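The values are calculated or read from the model by the stated rules, or taken from the named source; none is laboratory data. Keep in mind it's a predicted model, so treat the numbers as computed, not measured. Cβ: placed from backbone, ideal geometry, glycine included. Neighbour counts: every protein chain shown. For accessibility, only protein heavy atoms count, side chains too; no ligands or nucleic acids. Shrake-Rupley method; radii C 1.70, N 1.55, O 1.52, S 1.80 Å.
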Amino acid sequence: MTRSHISGHVPVGAVTPPAARRPLAAAFRALISLAAITGIVIDLILGSPLRVLSYFTIQSNLIVAAVFAVSAWRAWTGRPPLPAWLKTGTVLYISITGLVYHLVLANAASDFSMTDQVAMVSGWHTASNNLLHTVTPLGAVIDWFLLTRPGGLRLRHAGWWMLYPLAYLAFALIRGAALSPGSPARYPYPFLDVDQHGYGGVAGNAVVFGLCFYALALAYVGLDRIRPSFALHENRISSPGAGPLK
């Protein structure tokens, strides 16, 4: 009997390990994606869409909504997880959103405090504010620590992740220059306000924030090498239709 004849009668499932579904991770990631989408939709309904979409908060939550939705689907269907650099980069951006909001913008002691505007937020604005700045950042970080396998990150990834904040800086400055003086939210954040700080001051602010963001990126790379692999202990469910070998 020839080798080709033998191989033709071996079912694929007999040589391929059955896919492992991760329902807990899938459900948690779906909730995170839903929280981000809900917060974004509320802001889009209550405000000017073009203005709303100009904020780093909204853009980072859009990234979370997309990446975590795909990640949830992969976990539910037993497909391989997303690349570590993509998942961690997403967590980094939403971490920046949460940290800048709570430590800088909503902090009365900060030089760039927006506490007066924060205090005026109420109703649906409060709900979206909490979802976008607190719920999704915390959820993403928890998922990364507890439900995402460690490994696969390199120091170079920390540099790659800085490309988006740099692109956002360019976008915010070009947008501000294109808008007429006095336009609402001409510059989305106080530390990017050229009218108040000048381009030199904004450049200095960008360097300080950029170094902090890069340090946070390096921290994620370092933590990835020492954190325990909780994800490996999740109770899994084999996908239906698996081959006879278990």
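Answer with yes or no whether Arg156 is in a helix (DSSP H, G or I), open to solvent by 70 Å² or more (accessible area, probe 1.4 Å) and either within 24 Å of Asp111 (Cα to Cα) or free of Cβ contacts under 8 Å to residues at least 60 places away in the same chain (or both).
So Arg156 passes the test.
Working carefully through the options Phe68, Phe112, find the one that is modelled with pLDDT under 95 and aromatic (Phe, Trp, Tyr).
Testing whether each residue is modelled with pLDDT under 95 and aromatic (Phe, Trp, Tyr) leaves just Phe112.
Checking Leu50 against (1) in contact with a His (Cβ under 6 Å, 6 or more places away or on another chain); (2) without any contact (Cβ under 8 Å) to a residue 12 or more places away in the chain, which test does it fail?
So Leu50 meets the others, but not (1).
Among (1) modelled with pLDDT of 95 or more; (2) surrounded by 14 or more Cβ atoms within 10 Å (Cβ to Cβ); (3) under 18 Å from Thr126 (Cα atoms), there is one condition Ser60 misses while meeting the rest; what is its number?
(3)
Out of the residues in segment 59-79 that are of a type outside the set (Gly, Ala, Ser), within 18 Å of Ala20 (Cβ to Cβ) and not in a loop (DSSP other than H, G, I, E, B), state the one that is farthest from the chain's Cα centre (by Cα).
The first filter runs over segment 59-79 and keeps only residues of a type outside the set (Gly, Ala, Ser), leaving 59, 61-64, 67-68, 70, 73-74, 76-77, 79.
Those left that are additionally within 18 Å of Ala20 (Cβ to Cβ): 70, 73-74, 76-77, 79.
With not in a loop (DSSP other than H, G, I, E, B) added as a condition, the list becomes 70, 73-74, 76-77.
Numbers: Val70: 12, Trp73: 16, Arg74: 17, Trp76: 20, Thr77: 22 Å.
This residue is Thr77.
Residues being farther than 14 Å from Asn205 by Cα and either open to solvent by 20 Å² or more (accessible area, probe 1.4 Å) or without any contact (Cβ under 8 Å) to a residue 12 or more places away in the chain (or both): count how many of those fall in segment 164-192.
Of the residues in segment 164-192, 15 are farther than 14 Å from Asn205 by Cα and either open to solvent by 20 Å² or more (accessible area, probe 1.4 Å) or without any contact (Cβ under 8 Å) to a residue 12 or more places away in the chain (or both).
Taking the conditions exactly as written (open to solvent by less than 30 Å² (accessible area, probe 1.4 Å), more than 22 Å from Ile37 (Cβ to Cβ) and of a type outside the set (A, V, I, L, M)), does Ser110 satisfy them or not?
yes
Would you point out which residue out of Val208, Val135, Val202, Val221 is open to solvent by less than 40 Å² (accessible area, probe 1.4 Å), under 19 Å from Leu103 (Cα atoms) and outside any loop (DSSP other than H, G, I, E, B)?
Numbers: Val208 fails: open to solvent by less than 40 Å² (accessible area, probe 1.4 Å); Val135 fails: open to solvent by less than 40 Å² (accessible area, probe 1.4 Å); Val221 fails: under 19 Å from Leu103 (Cα atoms).
After ruling out the rest, the residue left standing is Val202.
Does Val91 fit the bill of being more than 20 Å from Phe209 (Cα to Cα), among the aliphatic types (A, V, I, L, M), part of a helix (DSSP H, G or I) and open to solvent by less than 20 Å² (accessible area, probe 1.4 Å)? Write out each step before concluding.
Numbers: more than 20 Å from Phe209 (Cα to Cα): no; among the aliphatic types (A, V, I, L, M): yes; part of a helix (DSSP H, G or I): yes; open to solvent by less than 20 Å² (accessible area, probe 1.4 Å): yes.
Against the criterion (more than 20 Å from Phe209 (Cα to Cα), among the aliphatic types (A, V, I, L, M), part of a helix (DSSP H, G or I) and open to solvent by less than 20 Å² (accessible area, probe 1.4 Å)), Val91 does not qualify.
So is Ile142 assigned to a helix (DSSP H, G or I), under 22 Å from Asn205 (Cβ atoms) and either open to solvent by 70 Å² or more (accessible area, probe 1.4 Å) or among the aliphatic types (A, V, I, L, M) (or both) or not?
Spelling it out, it is not the case that Ile142 is assigned to a helix (DSSP H, G or I), under 22 Å from Asn205 (Cβ atoms) and either open to solvent by 70 Å² or more (accessible area, probe 1.4 Å) or among the aliphatic types (A, V, I, L, M) (or both).
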